[in-house]
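J.: I'd like to ask you about the structure that follows.
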Protein chains: 2
Amino acid sequence: MASRQVTLAEVAKHAGVSLATASRVLNGSTRQVSEELRERVLGTARRLGYLPNASAQALARNSSVLVGLVVHDIADPYFSSIAAGVTRIAEDAGLVVVLGTTGRDARREVELVNTLRAHRARAVVIAGSRTTDRSASRQLAEEITAFTAQGGRVACVSQAKLGTDTVVPANRSGARALARRLAGLGHRRFAVLAGPPDLLVARDRLAGFKAGLADEGLDLPDANVIASGFTRDGGHAAVADLIAAHTGATCVFAVNDVMALGAMAALRDHGLRVPQDVSVAGFDDIPTLRDLVPALSTVRLPLEEMGERAARLVLDDVVAGPRTVRVAGEVVLRASTSAPGGVGLR
Amino acid sequence: MASRQVTLAEVAKHAGVSLATASRVLNGSTRQVSEELRERVLGTARRLGYLPNASAQALARNSSVLVGLVVHDIADPYFSSIAAGVTRIAEDAGLVVVLGTTGRDARREVELVNTLRAHRARAVVIAGSRTTDRSASRQLAEEITAFTAQGGRVACVSQAKLGTDTVVPANRSGARALARRLAGLGHRRFAVLAGPPDLLVARDRLAGFKAGLADEGLDLPDANVIASGFTRDGGHAAVADLIAAHTGATCVFAVNDVMALGAMAALRDHGLRVPQDVSVAGFDDIPTLRDLVPALSTVRLPLEEMGERAARLVLDDVVAGPRTVRVAGEVVLRASTSAPGGVGLR
DNA sequence: CAGTATATGGAAAGCGCTTTCCAACACGCT
DNA sequence: AGCGTGTTGGAAAGCGCTTTCCATATACTG
């Protein structure tokens, strides 16, 4: 069944030249080949339908054309937006993107980088955010060291905890600015759907939000901070806990947009109107969610651009030391937040 | 900089065995190796931090562990959902997913399959839908033939136009059922945001919708069919044309959910209420859009499952002839559609 | 006990390509 | 004529692995 492929040797033979010459013609070698032979080889290759064997090339050159992209969940619009940015840059550079998904499992992350190393991938972009799990972080760090020792480049999107090039979104300062703007609307009692306690992005956003409230002389009691999954369903489920907590909050901050989405749905289910009864804000500004009604107040992150920046970091010529690209977040107040007025959360 | 990797030969030497034995221990060969040597090799490999070179293995075995996934735009939730399904199955099978994006360019699709072939990818799932472009289709078909001739497997999601295994969603019958249900609500005048005329999914859905209306003795005048981009912005922009067309429609069908999303936003901008003034329905049931207000009536497609099915098609043992997996679409009527009553589209 | 089958180890021939090294030749000089 | 210099072609040595083929050792049969 599997028909034999045309090899370089066959092309060379048919064209009446040596293997070396054929190779030099068919890849961008520095060496010159006379016009005559070059045409002959090119013609023969086309005629025979020659396609270089990428594995053989990778082996002989000791480097591949592969770029890894590690995300938690490609169906999550946060990651798929970043992925779009990464693939655009990588493909423009003629590279091939390998997609790995972790399902938020730190061990799987290590596995994936390991696999990428086995494939002699040229670079990897790790977009999943770090957790507080020390042992997993250490293992990943080791794997990354091995990867770079081998000549590969690594960039992360999010926390610069790994000593690699990093694209760092303004989680803290964005959340802080958001808190101040929300306080500016007149809110005094807040609740936060904080996501998983061990997830650094979630922690940073919570911390920033707290800092912003503190700036305004406001306090965020621990009882008003609800842990939850980092997903739409997490946000949805957290609302029950939130209501049970009787926080009296008039404004709820969910540490990402999809959680805010779930929360808004749950609030509706509980007969609460957004923003009349309670204001809701998120973080990320997921494109697909921009047409939500009421439109979601959030902190906009240029997700695709972040992916592009990460890819560039990893594909550009080497520069000394790990670089950090900071990406600002822009507070966007829309219809899901208003001045407090309704019943709030009793 | 690039430190030398540990090779099998070194492991063999350190363990005092031959290359062959080391290879047999470290991969699942059929050949037996005595417990003693096996332990020695395993220990040495671990101690030296041996990692097999995937390119060398691929070359020697003439087969890789790569599975291609070709989509138009990974940021589009339709594709990212399918991608999630494909990666889950592929990764569970220990394979590595290569993600290629076409940006809806048919030539790029051919390029990607070609690249995958050069990498001796084991299989490829093509999720981008076909167009009416004959020449592009022919080229893709040729490339696919070459790919399969080489032992690779190919599956498509959508139209079974390529002679490959295919996962076919019920575009036609789903749209048809939707039309009947909408007519059942009492609507008599419809408009369709039909997407690009050369895109087969879009055509099928339009055709199905027309058929459903015909079932009910209703007609869809050509003037009520608005061509547009297949995106949120396409749907948004189409509304201006729709209004200019003075169709008098009380119900608008957008051939996919993201277009419906854009259309709903645009209708709001024009001061029209959904569903009071005009009902809107989409197609796909994008997960992220389930919490929209008003909730979008649509035809649910199990997108992740479709990705999984496609992946299975391509990874399962070979069976004779191209197989087709039909996936039903379930009409889900929600709040974005109601009985006609308001002003409609004058 | 010869004779055959079975388990296990190693040598070596590739897999398809890149790249070093050398040879041959054509120049432009002195 | 003799010589460096530059250009172009080819032979061949890998790249790191798998797998065939052979050799040896052991077990089993009648």
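J.: Which of B:Leu267, B:Leu289, B:Leu315 moves the most in a Gaussian network model of chain B with Cα springs under 10 Å?
T.: B:Leu289
J.: For B:Ala295, enumerate residues with amide H under 5 Å from its amide H, sequence gap 5+ or separate chain, H modeled in the peptide plane.
T.: So B:Ala295 has HN proximity to B:Ala335, B:Ser336.
J.: Using only helices, what value at 222 nm comes out for the protein assembly as shown when you add -39,500 (n - 2.57) per DSSP H run of length 4 or more and divide by the total residues, to the nearest 500 deg cm²/dmol?
T.: Details: 24 runs with 304 residues, N = 692.
Calculated from helices alone, the mean residue ellipticity at 222 nm is -14000 deg cm²/dmol.
J.: Under the Karplus relation 6.51 cos²θ - 1.76 cosθ + 1.60, θ = phi - 60°, what is the ordered set of whole-Hz ³J(HN,Hα) values for the range A:95-108, x standing for Gly and Pro?
T.: 9, 10, 8, 9, 9, x, 10, 9, x, 6, 9, 5, 5, 5
J.: Which net charge results when you count Lys and Arg as +1 and Asp and Glu as -1 among the other residues whose beta-carbon is under 12 Å from that of A:Thr115?
T.: Working: positive: A:Arg108, A:Arg117, A:Arg120; negative: A:Glu109, A:Glu111, A:Glu143, B:Glu91.
Charge balance in the 12 Å sphere: -1.
J.: Please list 3J(HN,Hα) in residue order for the range A:244-255, calculated via the Karplus relation 6.51 cos²θ - 1.76 cosθ + 1.60 where θ = phi - 60°; whole Hz, with x for glycine and proline.
T.: Per-residue couplings from phi come out as 4, 6, 6, 7, x, 5, 9, 9, 10, 9, 9, 6 Hz.
J.: Still on this structure, I have one more. Cβ under 9 Å from A:Gly152's Cβ, A:Gly152 left aside: what net charge do those residues give with Lys, Arg +1 and Asp, Glu -1?
T.: Working: positive: A:Arg117, A:Arg120, A:Arg122, A:Arg153; negative: none.
Here the count lands on +4.
J.: Relative to the longest principal axis of chain B, what angle (0 to 90°, nearest 10) does the C-alpha long axis of helix B:303-315 take?
T.: Result, in degrees: 40.
J.: Then there's this: Would you mind calculating the gained length between A:Glu216 and A:Leu19 on full extension (0.36 nm times residue separation, minus the Cα-Cα distance), in nm to one decimal?
T.: On the way: separation 197, 0.36 × 197 = 70.92 nm, distance 7.39 nm.
Additional length available on full extension: 63.5 nm.
J.: At B:Ala245, with labels set 7 Å past Cα in the Cβ direction, how many nm apart are the copies from this one, shortest first?
T.: Label-point distances to the other copies, shortest first: 4.9 nm.
J.: Here is a follow-up. When all C-alpha to C-alpha distances in the range A:112-165 are sorted into bins of 5 Å, what percent of pairs does each bin hold, rounded to whole numbers?
T.: Result, from short to long distances: 5, 21, 34, 25, 12, 2 percent.
J.: With an 8 Å cut-off on Cα pairs and a minimum separation of 6 or more residues, tell me the relative contact order of chain A in percent. Walk me through the numbers before you get to the answer.
T.: Details: 692 pairs, mean separation 57.7, N = 346.
Rounded, it is 17 percent for chain A.
J.: Place the label 7 angstrom along Cα→C-beta at B:Arg107 and in each other copy, then list the distances from the first to the rest in nm, shortest first.
T.: 4.8
J.: Still on this structure: List the distances, in nm to one decimal, from the label point of A:Glu39 to the label points of the same position in every other copy, shortest first, placing each label point 7 Å from Cα along the Cα-to-Cβ direction.
T.: Values, ascending and in nm: 6.9.
Just so you know, all these numbers are worked out from the coordinates, no wet-lab data involved. What you see is a predicted model, and the numbers here were worked out from it, not measured in a lab. Counting neighbours? That spans all protein chains shown, and the Cβs are built from the backbone with ideal geometry, glycine included.
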